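Chemist: Below you'll find the structure I mean.
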Amino acid sequence: MFTKLRNLYPNSQLIHHPADVVHPHHYIWLYDHDQRAWLIIPKEDISEKELQLLKGLFECHEPTKLHVNAESWYHFLFSDGKVPKSSNNRRQRIVQFNFDNRHWEQNDLEWALKGFFARDTILFWENVKRGVLIETEDHAISYKELYSIIQTFTGDFFMTPSFYVGKFFTPSQETKHQFLQEKQFFHLGLELLPNEHVFTFEKVLPSALALQVPTQLRKAISINLFPSFKDEPDLLQTLKVYLESNLNASLTAKKLFIHRNTLQYRLDKFVEKTGVQLKDFNSAFTIYLACLLHQHERQ
């Protein structure tokens, strides 16, 4: 479509970096989401009637500062763009998001997402389901708020978003490498932890390590611990949730929807049968690794 318009308006320009345009207010700005590009036409080259027609076909407005920043970050992370400038040297972080289906338009989802984040948060899409949020440290969203967002989308939009919360950084060339690593861990989290929806490096790493355990060690864990899981089908989930809850029996029982006495019975029976003391760090680490390995083998 832009190709035909460029033939009609010889003085028009196709722009990918709005910040590079001198005197932006001298132009009519048309945006194409598919091309992620702007077509700018000198105002004196277009009639009011033509302008009204184009407004019905395209997003038509001069890009805001926030939109310019989003374009700058998009080209830095996914292309060969320059390192974006950070206002007031504030540290930032990247929060990736992924939706589990496409039942809603991107504009609707974007509008809803922006309502939960600070006004200066940058948002752009990588594809039809996945996107990126860039927020400053002083306006960073909490994990509790992320879970609230998930509940809202699940209830109101009938779709469940997942988030990967990256580490804070001061923008540099290393930021791109950090993002690519976080993107990889987000993919691993979605694959290895299908019941989780808020991911961090620390949450994904144990499951990623479990996949790398050598065959000989897998056999040792299988011989020493897997028989206990085989005889007690609920024990695997019980131990995993107990360890993830920092050995808090009340919280574990609440998460598992069981009575605390039932939980204590399962734990005591496991300790009696295996001799493993869950309050010992090395034992807890070994049991958690065994839980992850057993879970992966069942998936």
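Chemist: Within region 129-137, can one find any residue that is touching a helix residue (DSSP H, G or I) at 6+ places or on another chain (Cβ under 8 Å), exposed (fewer than 13 other Cβ atoms within 10 Å of the Cβ), under 26 Å from residue 33 (Cα atoms) and not charged (D, E, K, R)?
Modeler: Scanning region 129-137, I find no residue that is touching a helix residue (DSSP H, G or I) at 6+ places or on another chain (Cβ under 8 Å), exposed (fewer than 13 other Cβ atoms within 10 Å of the Cβ), under 26 Å from residue 33 (Cα atoms) and not charged (D, E, K, R), so the answer is no.
Chemist: Kindly check whether there is at least one residue in region 194-214 that is over 24 Å from residue 163 (Cβ atoms), among the acidic types (Asp, Glu) and touching a Ser or Thr at 6+ places or on another chain (Cβ under 9 Å).
Modeler: No.
Chemist: So, one more: Inspect region 142-164 for any residue being in a loop (DSSP other than H, G, I, E, B) and closer than 22 Å to residue 176 by Cβ and give the result as yes or no.
Modeler: no
Chemist: From the residues in region 1-35 that are farther than 14 Å from residue 60 by Cβ, over 30 Å from the mean Cα position of the chain (by Cα) and of a type in the set (A, V, I, L, M, F, W, C), which one is surrounded by the fewest Cβ atoms within 10 Å (Cβ to Cβ)?
Modeler: By that ranking, first place goes to 22.
Chemist: If I filter region 138-145 for residues that are β-branched (Val, Ile, Thr), within 15 Å of residue 73 (Cβ to Cβ) and crowded, with 18+ Cβ neighbours inside 10 Å, do I get at least one hit?
Modeler: no
Chemist: When residue 263 is evaluated against the numbered criteria (1) under 34 Å from the mean Cα position of the chain (by Cα); (2) closer than 24 Å to residue 192 by Cα; (3) not assigned by TED's automatic domain parsing to the domain that holds residue 165, which criterion, by number, is the only one it fails?
Modeler: Condition not satisfied by residue 263: (2).
Chemist: Let me ask something else about it. Residues in region 113-127: is at least one of a type in the set (Lys, Arg) and under 23 Å from residue 184 (Cα atoms)?
Modeler: no
Chemist: Just to verify a result, which residue in region 231-253, among those that are surrounded by fewer than 12 Cβ atoms within 10 Å (Cβ to Cβ) and not small (Gly, Ala, Ser), is modelled with the highest pLDDT?
Modeler: The qualifying residue modelled with the highest pLDDT is 246.
Chemist: Being at pLDDT 85 or above and either within 15 Å of residue 125 (Cβ to Cβ) or loosely packed, with under 14 Cβ neighbours inside 10 Å (or both) is the filter here; which residues of region 76-89 pass it?
Modeler: 77, 78, 82 - these are the residues of region 76-89 that are at pLDDT 85 or above and either within 15 Å of residue 125 (Cβ to Cβ) or loosely packed, with under 14 Cβ neighbours inside 10 Å (or both).
Chemist: Another question about this same structure. Please find, among 225, 247, the residue that is more than 26 Å from the chain's Cα centre (by Cα), in the same structural domain as residue 286 (by TED's automatic domain parsing), in contact (Cβ under 8 Å) with a residue 12 or more places away in the chain and not in a helix (DSSP H, G or I).
Modeler: Of the residues listed, the single one that is more than 26 Å from the chain's Cα centre (by Cα), in the same structural domain as residue 286 (by TED's automatic domain parsing), in contact (Cβ under 8 Å) with a residue 12 or more places away in the chain and not in a helix (DSSP H, G or I) is 247.
The values are calculated or read from the model by the stated rules, or taken from the named source; none is laboratory data. Since the model is a prediction, treat every value here as computed from it, not as a measurement. Cβ sites come from the backbone with ideal geometry, for glycine too, and all protein chains shown count toward neighbours.
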